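Read through the structure below, which is laid out as structure tokens, and then see the notes.
Taken together, the values in this text are just the output of simple stated rules run on the coordinates, not laboratory data. Everything numeric in this text was worked out from a predicted model, so none of it was measured. In this analysis, Cβ positions are derived from the backbone assuming ideal geometry, glycine residues included, and neighbour counts consider all displayed protein chains.
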Amino acid sequence: MGLSGSGDMAQSQLSSPALAGVWREILFGSLGIWLAAASAAAINHLLDQRIDALMARTSHRPLPTGSLSSKQVLVFAIVLGALSMGLLAVFVNALCAVLTFASLIGYAIIYTGYLKRATPQNIVIGGLAGAAPPALGWVAITDQLHPYALLLVLIIFVWTPPHFWALAIFRRDDYARAMIPMLPVTHGVEYTRWQILFFTVLLVLVTMLPVITGMSGVFYLGGALVLGFVFLYYAIRLMRPPSEAFAMQVFGYSIWYLMALFAFLLIDHWLMPAPEMSAQALEFIRSGN
């Protein structure tokens, strides 16, 4: 969460010659978003402690092992959340604080507390909260919710299902044991593989939108196409995987994919800054914010 938020701060501002004017927003925005992410993770651990104890992947976490008490985790989450909101409201802007708080509630309470246990479409519906950091980073710098920021949110939103369902295929027995209705548990592995392929194709198409809208140029286009075709290769091969563990290879690649995609986007912005964005950045800095 903090990583993609910080990356989008760079995307929205680092090409500006007046970079020094926004170091406060970059520093406290990154710190505030990171603290919110840590608070959300702590609440997630608190609400999922029964589930975590039943799953091999999460049974080593502090609450299932007894390393921390529920009270300690709750206090930790509240303190980090309060620090996050305070830093963002005082040193960044109110809009960023409000949106970050909404994202925290969306992930920690709505997704973890309800959607995760209620529907096999949990990560699709709840994915919006997890996809919010680019918008948070953008708003931290500009104090406005630009359509380009929403486009980056859309990329992460579409990326989330193939990313997480690959893990869910490999860990489906864990989810079944914990009675979590993940898609491979409720609809089977074959259906989930088709859904991964569908969302991967959709992801490749969505990642072309920054080029179509003029947000980025040919450097990003080349990187997005190569990364996307490799992701498609993994998704297609997952239909008839060479081994049970291949789903984890898809999961692992999806993580590298997103980091590399945003790196291409950022480097492209440095190489060919969009005139509209630079003008907005300069106007924002001159306003004294």
Relative contact order as a percentage, the chain, C-alpha pairs under 8 Å and 6+ apart, gives 21 percent
With the 8 Å Cα cutoff and a minimum separation of six or more residues, segment 31-90 has a relative contact order in percent of 52 percent
So, over other residues within a Cβ distance under 15 Å of ALA235, counting Lys, Arg +1 and Asp, Glu -1, the net charge is +2
Hits for the chain under the membrane-span-like helix rule (DSSP H, Cα axial span at least 27 Å, Kyte-Doolittle mean at least 1.6) are 147-170, 218-237
If every Lys and Arg gets +1 and every Asp and Glu gets -1 at its Cβ, then about the Cα centre the chain yields a dipole, in debye to the nearest 20, of 740 debye
Sorted on mean Cβ neighbours within 10 Å (highest first), peptides 71-80, 106-115 come out as 106-115, 71-80
Between LYS71 and VAL98, Cβ-based FRET efficiency (R0 25 Å, step 0.05) works out to 0.30
Of all C-alpha pairs within the chain, those more than 30 angstrom apart amount in percent to 35 percent
